[in-house]
Amino acid sequence: MNNLQKRILTSIIALPLSLFFIFTGGYILLFFLLSIFFIANYELFSVFKNKTTILFLDLILIITLFSIYYLRDENLISLYLLIWFIVLTICSDVGGYSFGKIFKWKKITKISPKKTLSGVLGSFILSLTSLIIMKIFLLSNTKPFSDPIINFLEPKFFFLAIILSLTAQSGDLTISYFKRLDKIKDTGKILPGHGGIFDRIDSLMFVIILGFIFYNLNIIP
């Protein structure tokens, strides 16, 4: 099984499982988030040597996990936004990975040699598909003749999708920078094809935090 096949299989298992914990909420979600916290901290202290890096990444992780728990339990709108942040990040990552593999345009940085202009474009394009996915999801969960609680096809969401996709890509590069400083390829091996917890949630952390800020500033919905 090659690396791409491992990534796909891991995603097929991990995504529905993560969504199950989020939709369930309560103590079950709290247990899930605490599990991520302890596993991620094991990775941090096992592979990183720079104490400043460990402190910074741990702080980002804690804020992310708090934001997830807050958005899940605040109300139905914040729950749907949380789901959107996750779906958008996945779409952005898949777009960057697939477009980068197919078109192989100019590389953009030495921090992450695999990052290309085609990957950046792919991330932006597929992040917009998250709006269609959420629109379909809400329509399927809304009573007939009722308006969905959020209209993800409003113009402002297209603009926000681009901003959040850019945030996801920046988050990925940020973690790559810290790994490069300590000459690390992956933070762990718990997720076949992806590496460790931080290798999988690097872009998601920054999207969740910015989304949390946007929500509390009433920028969204």
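The values are calculated or read from the model by the stated rules, or taken from the named source; none is laboratory data. Since the structure is predicted, the reported quantities are computational estimates derived from the model, not experimental observations. Heads up, the Cβs are rebuilt from the backbone with ideal geometry, glycines too, and the neighbour counts pull from every protein chain shown.
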**Request:** Output the number of the condition that Thr89 fails; it satisfies all remaining conditions of (1) within 15 Å of the chain's Cα centre (by Cα); (2) surrounded by fewer than 20 Cβ atoms within 10 Å (Cβ to Cβ).
**Result:** (2)
**Complete:** Restricted to region 39-52 and to residues being surrounded by 19 or more Cβ atoms within 10 Å (Cβ to Cβ) and within 21 Å of the chain's Cα centre (by Cα), the residue nearest to Arg200 (Cα to Cα) is Ala40
**Only listed residue being over 14 Å from the mean Cα position of the chain (by Cα) and at pLDDT below 90, chosen from Phe198, Phe159, Phe152, Phe178** = Phe178
